[in-house]
Amino acid sequence: MTVTRTLAGTFVAVLGGSGFVGSAVSARLAAKGARVRVVARNPGVPSFPSEVVAADLTEPGAVAAAVAGADVVLPLVLFTGGGSWRVADGGADDAARVNVGIVAEAVAEARGTVVFAGSTSQVGPGAPERIDGTETDRPDSEYDQQKCAAERLVRDAGGCSLRLPTVFGPSTGSPDRGVVTAMARRALAGEPLTVWSAGDMERDLVFVEDVAEAFAAAVAHADRLAGRAWLVGSGAGVAVRALFELIAATVADHTGRPAVPVRSVSPPPHATASDFRSLVADPAALTLATGWRPRVPLADAVSRTVAHLARSSVDSPRSGTPIPG
């Protein structure tokens, strides 16, 4: 993918720039010539040229200092209080302080454009299984309601939002805690993969490098995208069981061991209706506006993820905990 407009000299502040998505986005922007400020509680030492700011963005004045002078601000912070995308029980206020409060401050303090990271799940459980961005949002989870609230602030201020599907892949920042990585770790540990019920619900998956390219395209074309939410997706779903079978087969190819089995289990009590419906995003509008489209095929992306995990010294998750798609 080639971003047709240059990013050379564009000053971008990435809030949450050491996170899973944030680190990939920051690296891609730097590679395209942008001046990048990585802001995080524990930013580490990025492997690319950048200004590094260690800050607790919930502290008074921290957001204003973090975005000062930036042409574009990317609030890629996320708080759930748990180990997944779900907002933990009793953690809604703390999550809102980060997921909405920091974004509100960024919008108020930024001198330039704000590009937000939304989620395709914001449409809610009543949307069609294949969405194109024209749907009316009816979010029912705390997470999606907070995403919608923050996104409205960004759009009303003339910024834009990229709504992301399931994002996965290797990371130079915080580890990917998503389903692909979790299941690949299990398979590498020789553990069976568990899928809720039949596992025939479809998910849309995009490799993290393609998502980073989408944000680079959004920064380059911020004027075209202003005031709207745009879908990032592959446009092609994969059934969760088929995904897990692909992961098992890929790990077997990598290790030379037999593929671990994929087993159906009963859903846990915390499962929701959204866990059992398909959701696939058509990115045609974003492609038309910017030229962006996903480039890494699913099989290649899974293979690269498995190879990365095999090289790392990451402990496998606890056996027997089923994870939804």
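Report yes if some residue within region 297-310 is charged (D, E, K, R), at pLDDT 95 or above, assigned to a helix (DSSP H, G or I) and farther than 23 Å from PHE116 by Cα; otherwise report no. Before you say what the answer is, go through the steps one by one.
Taking region 297-310 as the starting set, the residues that turn out to be charged (D, E, K, R) are 300, 304.
The next check asks that each one be at pLDDT 95 or above; those that pass are 300, 304.
Imposing the further condition that a residue be assigned to a helix (DSSP H, G or I) reduces the set to 300, 304.
Within this subset, residues satisfying the condition of being farther than 23 Å from PHE116 by Cα are 300, 304.
Yes: region 297-310 contains one or more residues that are charged (D, E, K, R), at pLDDT 95 or above, assigned to a helix (DSSP H, G or I) and farther than 23 Å from PHE116 by Cα.
Out of curiosity, is LEU286 out of contact with any strand residue (DSSP E or B) (no Cβ under 7 Å at 6 or more places or on another chain), part of a helix (DSSP H, G or I) and either within 14 Å of GLY199 (Cα to Cα) or touching a residue at least 40 places away in the same chain (Cβ under 8 Å) (or both)? So that I can check it myself, show each step before the final result.
Numbers: out of contact with any strand residue (DSSP E or B) (no Cβ under 7 Å at 6 or more places or on another chain): no; part of a helix (DSSP H, G or I): yes; either within 14 Å of GLY199 (Cα to Cα) or touching a residue at least 40 places away in the same chain (Cβ under 8 Å) (or both): yes.
When the stated conditions are applied, LEU286 does not pass them.
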task: Give just the number: which of (1) farther than 18 Å from VAL211 by Cα; (2) assigned to a loop (DSSP other than H, G, I, E, B); (3) not charged (D, E, K, R) does VAL39 not satisfy?
output: (2)
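Considering each of GLY158, GLY169 in turn, give the residue that is modelled with pLDDT of 95 or more and in contact with a His (Cβ under 9 Å, 6 or more places away or on another chain).
Values: GLY158 fails: in contact with a His (Cβ under 9 Å, 6 or more places away or on another chain).
Of the residues listed, the single one that is modelled with pLDDT of 95 or more and in contact with a His (Cβ under 9 Å, 6 or more places away or on another chain) is GLY169.
Among the residues of region 109-127, count how many are closer than 28 Å to HIS270 by Cβ and either touching a helix residue (DSSP H, G or I) at 6+ places or on another chain (Cβ under 8 Å) or modelled with pLDDT of 95 or more (or both).
So in region 109-127, the residues closer than 28 Å to HIS270 by Cβ come out as 116-127.
Add one more test, that the residue is either touching a helix residue (DSSP H, G or I) at 6+ places or on another chain (Cβ under 8 Å) or modelled with pLDDT of 95 or more (or both), and what stays is 116-125.
So the answer is 10.
Filter region 253-275 for residues that are in a loop (DSSP other than H, G, I, E, B) and modelled with pLDDT of 95 or more; which is surrounded by the fewest Cβ atoms within 10 Å (Cβ to Cβ)?
Within region 253-275, the first condition is being in a loop (DSSP other than H, G, I, E, B), and the residues that meet it are 256-261, 266-272.
After this cut, where a residue has to be modelled with pLDDT of 95 or more as well, the list is 256-261.
Details: GLY256: 6, ARG257: 12, PRO258: 9, ALA259: 16, VAL260: 21, PRO261: 12.
Among those residues, the one meeting the criterion is GLY256.
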field: region 23-55 - residue that is without any contact (Cβ under 8 Å) to a residue 60 or more places away in the chain and among the β-branched types (Val, Ile, Thr) and, of those, farthest from ALA220 (Cα to Cα)
entry: VAL45
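Does ASP200 satisfy the criteria of being out of contact with any Ser or Thr (no Cβ under 7 Å at 6 or more places or on another chain) and more than 23 Å from PRO125 (Cβ to Cβ)? Show your work before the answer.
Numbers: out of contact with any Ser or Thr (no Cβ under 7 Å at 6 or more places or on another chain): yes; more than 23 Å from PRO125 (Cβ to Cβ): no.
No; evaluated as a whole, the condition is false for this residue.
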field: Exclusive hit being under 18 Å from the mean Cα position of the chain (by Cα) and in contact (Cβ under 8 Å) with a residue 24 or more places away in the chain, set GLY235, GLY227, GLY199
entry: GLY235
Tabulated pairs, region 172-195, first farther than 30 Å from GLY17 by Cα, second aromatic (Phe, Trp, Tyr), C-beta under 9 angstrom, 6+ apart or interchain: LEU193/PHE244; THR194/PHE244; VAL195/PHE244
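Would you say SER319 is in contact with a Lys or Arg (Cβ under 8 Å, 6 or more places away or on another chain), part of a loop (DSSP other than H, G, I, E, B), at pLDDT below 95 and among the polar types (S, T, N, Q)?
Values: in contact with a Lys or Arg (Cβ under 8 Å, 6 or more places away or on another chain): yes; part of a loop (DSSP other than H, G, I, E, B): yes; at pLDDT below 95: yes; among the polar types (S, T, N, Q): yes.
So SER319 fits the description; yes.
The values are calculated or read from the model by the stated rules, or taken from the named source; none is laboratory data. Predicted model, so just to flag it, every value in this text is computed and none were measured. Here the Cβ is made from the backbone with ideal geometry for all residues, glycine too, and neighbour counts use every protein chain on show.
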